[in-house]
Amino acid sequence: LLVNDSVWLVLGTSSKSMVTRDSGLTWEDCYPGSTCYEIGGILNDTVYGMGKSDLYKIAVAELIAGSYTWKTQTIVDGENLQKMHITDANTAIIAAYGQTLVSTSDAGLTWTAIETPELFVYGADYDYSSVSTSGAASYLTTRRMTIVDFPSASAHSDVYAHGLIYKSMDYWSSWELLDVANIGTGVDPVFNPNVEGCYGMSPTLISCVNDTIVYAYVTWFDTIAGFDNKLTHANVFLTEDGGDSWLPLLEDLGSS
């Protein structure tokens, strides 16, 4: 995270949580006390790091001054906090493993659960991969879901269902599940993850420009040549109608 021109922050394990206050010439230890998976950003002059179950918070003024006192805030037990998107000085949303989605409207003092639908697979949990917000509009993705998980020594490939994309137009007071069958065009498996023989579409990263214009980075598997000759495809798709249709923008990225 670039806090300002000279103060930069990196969070990870104990040996990889460091801060520089001279644009990278020297670095100091800045370990919050636990491994962090992502830096959520700056909310109301406070930097947020995300670990397992807990948020780790430190004032921007302390980082600049070289005083590194972290505070913790438990969000959910036993789930890794994965993605945070800050809308303004008071509003943000956090997604975690499992079925945890929370938001704040008071600059992080309190976090309120957002109701999400049950998955139609027994025992399944959400595996959130990306959330992006512009104004009241927000888009959220989950990775592909494992249906059959073979042992690593097996000659068979695991079987996956498509991931999901959710959309809200009112700060998650209400939401709708978008039809991921609308992603792609034509009959070429390179540009359409929904043609016969393709499976396991995973919308890994989403970027919301406004309520209707959204980009999504998507990966999927292609078994048209046979399940033992599985190919991996990836592309960036654009919707300009809020998810009713998605067109590929690039040549095939393969397994990149």
**Item:** Condition check for T87: modelled with pLDDT of 90 or more and among the β-branched types (V, I, T)
**Value:** no
**Prompt:** Pick from the range 76-91 the residues that are of a type in the set (D, E, K, R) and in a loop (DSSP other than H, G, I, E, B): which of them is farthest from Y128 (Cα to Cα)?
**Reply:** D88
**Asked** Which of the residues that make up the range 214-231 are open to solvent by less than 50 Å² (accessible area, probe 1.4 Å) and out of contact with any Cys (no Cβ under 6 Å at 6 or more places or on another chain)?
**Response** A216, V218, T219, F221, T223, G226
**Options V3, V47, V7, V60: the member that is at pLDDT 90 or above, over 28 Å from G135 (Cβ atoms) and over 18 Å from the mean Cα position of the chain (by Cα)** = V7
**Request:** Have a look at S174, S168, S255 and point out the one that is open to solvent by 20 Å² or more (accessible area, probe 1.4 Å) and closer than 23 Å to H85 by Cβ.
**Result:** S174
**Single residue of V159, V209 found to be at pLDDT below 90 and either aliphatic (A, V, I, L, M) or touching a strand residue (DSSP E or B) at 6+ places or on another chain (Cβ under 9 Å) (or both)** = V159
**Request:** Any chance you could count how many residues in the range 81-113 are free of Cβ contacts under 8 Å to residues at least 12 places away in the same chain and surrounded by 15 or more Cβ atoms within 10 Å (Cβ to Cβ)?
**Result:** 0
**Request:** Looking only at the range 177-213, count how many residues are open to solvent by 70 Å² or more (accessible area, probe 1.4 Å) and more than 27 Å from I114 (Cα to Cα).
**Result:** 2
**Prompt:** Which condition number in (1) open to solvent by 60 Å² or more (accessible area, probe 1.4 Å); (2) more than 30 Å from T232 (Cβ to Cβ); (3) modelled with pLDDT under 90 is the one that F120 fails?
**Reply:** (2)
**Request:** Run P189 past the list (1) in a loop (DSSP other than H, G, I, E, B); (2) touching a Ser or Thr at 6+ places or on another chain (Cβ under 8 Å); (3) of a type outside the set (V, I, T) and report the number of the one that doesn't hold.
**Result:** (2)
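Under the condition of being under 30 Å from A136 (Cα atoms) and over 18 Å from the mean Cα position of the chain (by Cα), which residue from the range 232-242 is surrounded by the fewest Cβ atoms within 10 Å (Cβ to Cβ)?
In the first step, residues of the range 232-242 are kept if they are under 30 Å from A136 (Cα atoms); the result is 234-242.
Then keep just the ones that are over 18 Å from the mean Cα position of the chain (by Cα); that gives 239-242.
Details: T239: 20, E240: 14, D241: 11, G242: 17.
Here the residue is D241.
The values are calculated or read from the model by the stated rules, or taken from the named source; none is laboratory data. This structure is a prediction, so every number in the text was calculated from the model and none was measured. As a convention, Cβ positions derive from the backbone with ideal geometry for all residues, glycine included, and neighbour counts pool all protein chains shown. Accessible surface areas use protein heavy atoms only, side chains included; no ligands, DNA or RNA. Shrake-Rupley method; radii C 1.70, N 1.55, O 1.52, S 1.80 Å.
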